[in-house]
Amino acid sequence: MAPDASTTPRHGTTGLRQFLDLEQQRDWIEGKTDLRDADERSESLELRFKYVTRFQKLLRRPQAQEVLEILRLYSQNCIPIPRKSERHYWSVSCLPSTSDKPLVRVNASWMELFTLYADGEGIRARFLVHLSDFTTDRSPEQGHVDQPFLDHCVTTPEDVSYFFPRGADMFGINVRSSSSIHSFLAARRVLGAIRTFNLTHMNRGRNAYQASHCYSLADCMLAG
């Protein structure tokens with residue numbers, strides 16, 4: 001039986017450590033367990049209605065179905081106990097008003113985790129992860145990026161590029177096209193790295209972006 005993640009929160013702890021001990025988190029990162037999520041979701045009707053118009057606008061975009069499909073895949077594979085942790089420990093924004101004009105963005109704590117952008121009629125993704133998970137020697141050295149591994153994780157090497165955000169052990173990966181994003185998320189080492197980074201920030205405490213959570217998008221992410 002999968003570990004129960006819907007028990008009473010543990011007092012004196014922060015983030016998801018209230019619901020998942022370190023062994024459960026480690027097993028989930030390594031793909032050794034399926035965590036039992038909550039049956040019900042908490043909800044703010046005010047927030048649900050606040051972003052309905054943006055969600056409807058997104059649905060009129062040519063990339064809408066690709067966006068929803070990728071978000072659903074990301075939620076299922078990259079966010080632990082997504083129903084239990086919704087809004088309070090992660091959130092998704094719809095057409096956020098930032099200068100880079102994303103279609104959607106997933107956040108936790110004070111950190112961006114995952115963003116989707118329009119790329120012509122298609123989409124491109126931006127993942128934030130730990131640099132040390134993508135170097136040849138597992139060090140946080142920018143000159144040691146494992147480029148052959150990155151190239152192998154996408155359908156076409158030209159679909160992947162990277163950059164170095166500010167902060168220790170930070171790495172940003174850009175992936176173009178729906179097919180390459182699917183391939184990238186299917187790579188076991190990539191998935192473990194994304195899960196590690198996401199848990200790092202979900203364990204830091206409450207999500208600072210709760211007020212921008214779009215329940216309509218989350219409905220699609222958590223369906224099924």
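The values are calculated or read from the model by the stated rules, or taken from the named source; none is laboratory data. Everything numeric in this text was worked out from a predicted model, so none of it was measured. Every residue, glycine as well, gets a Cβ built from its backbone with ideal geometry; the counts of neighbours run over all protein chains shown.
Show the residue pairs that are 6+ apart or on different chains and have beta-carbon atoms under 8 Å apart, the first residue being within the stretch 52-79 and farther than 14 Å from Leu113 by Cα, the second being surrounded by 15 or more Cβ atoms within 10 Å (Cβ to Cβ) and charged (D, E, K, R).
Pairs found: Val67/Arg61.
Within the bounds of the stretch 179-202, is there any residue that is within 26 Å of Arg26 (Cβ to Cβ), polar (S, T, N, Q) and in contact with a strand residue (DSSP E or B) (Cβ under 7 Å, 6 or more places away or on another chain)?
Within the stretch 179-202, one or more residues are within 26 Å of Arg26 (Cβ to Cβ), polar (S, T, N, Q) and in contact with a strand residue (DSSP E or B) (Cβ under 7 Å, 6 or more places away or on another chain).
Sort out which residues of the stretch 113-142 are of a type in the set (Val, Ile, Thr) and either surrounded by fewer than 18 Cβ atoms within 10 Å (Cβ to Cβ) or more than 17 Å from the chain's Cα centre (by Cα) (or both), and write them in order of number.
Thr135, Thr136 - these are the residues of the stretch 113-142 that are of a type in the set (Val, Ile, Thr) and either surrounded by fewer than 18 Cβ atoms within 10 Å (Cβ to Cβ) or more than 17 Å from the chain's Cα centre (by Cα) (or both).
Go through the stretch 13-35 and give me each residue that's farther than 19 Å from Arg83 by Cβ, basic (Lys, Arg) and surrounded by 12 or more Cβ atoms within 10 Å (Cβ to Cβ).
Once the filter is applied, which keeps residues that are farther than 19 Å from Arg83 by Cβ, basic (Lys, Arg) and surrounded by 12 or more Cβ atoms within 10 Å (Cβ to Cβ), the stretch 13-35 yields only Arg26.
Which condition from (1) farther than 20 Å from Val67 by Cβ; (2) without any contact (Cβ under 8 Å) to a residue 12 or more places away in the chain is the one that Ala186 breaks?
Single failed check for Ala186: (1).
I need a count of the residues in the stretch 128-179 that are touching a Pro at 6+ places or on another chain (Cβ under 8 Å) and closer than 20 Å to Arg105 by Cα.
Residues flagged as touching a Pro at 6+ places or on another chain (Cβ under 8 Å) and closer than 20 Å to Arg105 by Cα within the stretch 128-179 amount to 4.
For the stretch 81-94, check the following and say yes or no: at least one residue is without any contact (Cβ under 8 Å) to a residue 60 or more places away in the chain and within 19 Å of Ser216 (Cβ to Cβ).
There is no residue in the stretch 81-94 that is without any contact (Cβ under 8 Å) to a residue 60 or more places away in the chain and within 19 Å of Ser216 (Cβ to Cβ).
Considering only the stretch 182-224, state which residues are closer than 22 Å to Cys153 by Cα, in contact with an Asp or Glu (Cβ under 7 Å, 6 or more places away or on another chain) and not aliphatic (A, V, I, L, M).
Those that are closer than 22 Å to Cys153 by Cα, in contact with an Asp or Glu (Cβ under 7 Å, 6 or more places away or on another chain) and not aliphatic (A, V, I, L, M): Gly192, Thr196.
Could you tell me whether Thr98 is surrounded by fewer than 22 Cβ atoms within 10 Å (Cβ to Cβ), farther than 22 Å from Ser44 by Cα and among the β-branched types (Val, Ile, Thr)?
Judged against the criteria, Thr98 is a match.
Kindly evaluate Arg48 against the criterion of being modelled with pLDDT of 95 or more and among the basic types (Lys, Arg).
It is false that Arg48 is modelled with pLDDT of 95 or more and among the basic types (Lys, Arg).
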